[in-house]
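The values are calculated or read from the model by the stated rules, or taken from the named source; none is laboratory data. For clarity, every value in this text was computed on a predicted model and none was experimentally measured. All Cβ positions, glycine included, derive from the backbone under ideal geometry; neighbour counts span all protein chains shown.
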Amino acid sequence: MSDELFERRKETRRYALNFLDYEILCDSGEVSGRGLARTLNVSADGLRLETGQFFEPGQKLRITLGLQNDLVQVAGRVTNSQPENDDLCSSGVLFIAFEGHDRDTYRKHYEALKSALGR
């Protein structure tokens, strides 16, 4: 089967490697775990991250992204996860809420990435 049959993302992905910090949030909003990851690609509405942690679809994360000299904090929901090898897993995360002006900061960096790639 072709991957196109399962592709549901509407936004074009931009390949970008940035490190990030994540917190796993319980339904009550309390932090139940944390770790480090890196982005594999980003879009206007989400990202794909790679880490040693497997996430269940539906899990809520609070992510802090380092974008050049800016830190951006965003809440997201895991849409899918798959093992890449014995040590790493990649997960798609849909953004659900940004902190303060972080949405504008993220969009500025995302638009600059799109322009740099000429798309």
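Close Cβ contacts (under 7 Å, 6 or more residues apart or on different chains) running from residues in segment 8-36 that are at pLDDT 95 or above to residues that are surrounded by fewer than 12 Cβ atoms within 10 Å (Cβ to Cβ) and assigned to a loop (DSSP other than H, G, I, E, B) comprise S32/C26.
One line per residue, one yes/no per condition, for (1) in contact (Cβ under 8 Å) with a residue 60 or more places away in the chain; (2) within 17 Å of N18 (Cα to Cα); (3) in contact with a Leu (Cβ under 9 Å, 6 or more places away or on another chain):
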| position | (1), (2), (3) |
| --- | --- |
| Q82 | no, no, no |
| D104 | no, no, no |
| R107 | yes, yes, no |
| A116 | no, yes, no |
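For D104, indicate whether it is surrounded by fewer than 13 Cβ atoms within 10 Å (Cβ to Cβ) and in a loop (DSSP other than H, G, I, E, B). Taking the combined requirement at face value, the residue does not satisfy it.
Looking only at segment 17-30, residues that are loosely packed, with under 12 Cβ neighbours inside 10 Å and closer than 12 Å to A75 by Cα come to 1 in all. Applying the condition of being small (G, A, S) and either touching a helix residue (DSSP H, G or I) at 6+ places or on another chain (Cβ under 7 Å) or part of a loop (DSSP other than H, G, I, E, B) (or both) to segment 31-54 and asking which residue is nearest to S90 (Cα to Cα) yields G52.
Per the listing D86, D45, D70, D21, the residue uniquely of a type in the set (D, E, K, R) and in contact with a His (Cβ under 8 Å, 6 or more places away or on another chain) is D70.
Taking (1) at pLDDT 95 or above; (2) assigned to a loop (DSSP other than H, G, I, E, B) in turn, L94 satisfies each apart from (2).
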